[in-house]
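Okay, structure first, notes after.
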Amino acid sequence: MKRKLTILIIWILAYANVNAKEYNASLFGVLSDGVTNNTASIQKAIDYINEQGGGTLVFYVGRYITGTVHLKSNVYIKLQEGAILVGAASPYEYKSQATIQGLVIAEGQQNIGISGKGVIEGNSTNFLKALKKLMDAGYIKKNCAKAF
């Protein structure tokens with residue numbers, strides 16, 4: 001009986017995932033050119049999918065530059081093979097939520113996930129170069145850089 005219940009639960013979860021609405025990231029103006037900052041467009045897509053009751057935001061082949069995005073309940077991100085989510089080089093593109101900083105933040109959310117054969121690239125080399133340049137120019141104090 002317990003085994004049948006487990007199989008039933010797995011089947012229901014798999015079926016629910018198959019029937020979840022998928023949204024192509026490009027429909028929200030997200031560009032895969034490796035140059036355009038897509039932070040606002042990706043966040044707009046996440047917000048929209050959340051307002052519709054949930055679904056999956058799908059990224060296809062390309063390089064998608066972004067700063068911090070806030071993943072919301074019932075929203076999944078799927079990176080297809082060849083899709084690369086790249087962290088923006090500018091430290092100003094990263095926002096915090098309470099004490100958390102990062103590329104994708106989801107504090108207090110439910111039914112979320114990131115999946116697929118794609119890649120998330122932090123872009124730390126370019127980020128650190130930009131941070132050093134801002135510190136050298138005096139725009140960011142060295143003790144404030146610890147927040148990054």
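The values are calculated or read from the model by the stated rules, or taken from the named source; none is laboratory data. Everything numeric here is computed off the predicted structure, so don't read it as measured data. All Cβ positions, glycine included, derive from the backbone under ideal geometry; neighbour counts span all protein chains shown.
Values as computed for the structure displayed
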read-out: Verdict on Thr39 being β-branched (Val, Ile, Thr), crowded, with 17+ Cβ neighbours inside 10 Å, touching a Ser or Thr at 6+ places or on another chain (Cβ under 6 Å) and modelled with pLDDT of 90 or more; value: yes
read-out: Boolean, Val119 is within 22 Å of Ala20 (Cα to Cα) and among the β-branched types (Val, Ile, Thr); value: no
read-out: Qualifying residue in segment 26-35 (condition: among the aliphatic types (A, V, I, L, M), out of contact with any helix residue (DSSP H, G or I) (no Cβ under 7 Å at 6 or more places or on another chain) and part of a strand (DSSP E or B)); value: yes
read-out: Test for Ala16: is it modelled with pLDDT of 95 or more, over 30 Å from Lys141 (Cβ atoms), assigned to a helix (DSSP H, G or I) and of a type in the set (A, V, I, L, M, F, W, C); value: no
